Amino acid sequence: MHRRRRTALLLSAAITAAAPLLTACGSDAHPGAAAVVGADRITVAQLENRVNEVRAAQRAAITDADQYQQVVAQSGALTRNTLNGMVLEKVLDQALDDAGVTVTRKEVQQYRSDLEKEAGGAEALEAAYLQRYSVAPEQLEESLSSDVEVQKLSTALGADLNTQEGGTVFWQALSEASEKLDVDLNPRYGSWGVDPTSGRVGLLDAKTPWLKDVTAAGTPESA
């Protein structure tokens, strides 16, 4: 299976600590919110639900308790990385609107069908996304939709994501969309902005595989 052509931004931060339980409220200005993106709120409860879906899927896939704990430790930044991806999905939607790009359900279904053939079936694809990208089966359709969106947006922008120049064009579009949405992040999760070194927009020390992979130079890897 090819590497995800999706999000992200998930930069190369080390993942070492277990993800914390989400119980605190949001910022004073937006109680209960993990982030406010334009007119949309991402609540702490929504973030917690996504994290719990991943943990439940990981637990179901790994019967050995010690091995499960190792996986949890290795994906300790899951909460922040998940929030990063949730915000970026909305930023990507804005960038698509700005570029006049739409993605149909048929396109996503075809993309999924192709990946399932490469992976060896639907269950194998779900397992691969869970292991590599911490995407639970319930979240796979949305994740694949974002893959297709990234591909179509880069095409519309004339941005070859296998080149540094193309990556710069792509991230500039997401940066402009992010500014338009005026992302307001709960400070308990960190800060949101443009990384001065890479030019990528997001949680400044979060990891987002779909954007990382899609903007990396070189040919896609096989599973």
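Things worth noting here:
- Residue 95 farther than 28 Å from residue 182 by Cα and out of contact with any His (no Cβ under 6 Å at 6 or more places or on another chain): no
- Count of residues meeting criterion [within 30 Å of residue 68 (Cα to Cα), polar (S, T, N, Q) and touching a Leu at 6+ places or on another chain (Cβ under 9 Å)] in the range 125-164: 2
- Residue that is surrounded by the fewest Cβ atoms within 10 Å (Cβ to Cβ) [pool: residues in the range 172-203 that are closer than 20 Å to residue 38 by Cβ and free of Cβ contacts under 8 Å to residues at least 40 places away in the same chain]: 191
- Among the residues listed as 169, 91, the single one being without any contact (Cβ under 8 Å) to a residue 24 or more places away in the chain and either assigned to a loop (DSSP other than H, G, I, E, B) or of a type in the set (Val, Ile, Thr) (or both): 169
- Given (1) farther than 18 Å from residue 128 by Cα; (2) of a type in the set (D, E, K, R); (3) in contact with a helix residue (DSSP H, G or I) (Cβ under 6 Å, 6 or more places away or on another chain); (4) modelled with pLDDT of 95 or more, number of the condition residue 105 does not satisfy: (3)
- For the range 183-212, taking the residues that are among the acidic types (Asp, Glu) and in contact with a strand residue (DSSP E or B) (Cβ under 8 Å, 6 or more places away or on another chain), the one that is modelled with the highest pLDDT is identified as 184.
- In this entry, residue 111 passes the filter for residues that are in a helix (DSSP H, G or I), touching a residue at least 12 places away in the same chain (Cβ under 8 Å) and of a type in the set (Ser, Thr, Tyr).
- Residue list for the range 39-73, filter: among the charged types (D, E, K, R), within 30 Å of residue 173 (Cβ to Cβ) and surrounded by fewer than 19 Cβ atoms within 10 Å (Cβ to Cβ): 40, 41, 53
- Pairs, first on the phi > 0 side of the Ramachandran plot in the range 118-143, second among the small types (Gly, Ala, Ser) and in a loop (DSSP other than H, G, I, E, B), C-beta under 6 Å, six or more apart: 134/75
- Filtered residues of the range 74-107 (kept if of a type in the set (Gly, Ala, Ser), within 18 Å of residue 150 (Cα to Cα) and buried (at least 19 other Cβ atoms within 10 Å of the Cβ)): 85, 95
- Any hit, the range 62-71, residues being in contact (Cβ under 8 Å) with a residue 40 or more places away in the chain and part of a helix (DSSP H, G or I): no
- Scope the range 140-166; condition over 17 Å from the mean Cα position of the chain (by Cα), assigned to a helix (DSSP H, G or I) and surrounded by 15 or more Cβ atoms within 10 Å (Cβ to Cβ); matching residues: 156, 157, 166
- Residue in the range 121-131 that is touching a helix residue (DSSP H, G or I) at 6+ places or on another chain (Cβ under 6 Å), surrounded by fewer than 17 Cβ atoms within 10 Å (Cβ to Cβ) and modelled with pLDDT of 95 or more present: yes
The values are calculated or read from the model by the stated rules, or taken from the named source; none is laboratory data. Computed from a prediction, not measured in an experiment: that's the story for all the values here. Counting neighbours? That spans all protein chains shown, and the Cβs are built from the backbone with ideal geometry, glycine included.
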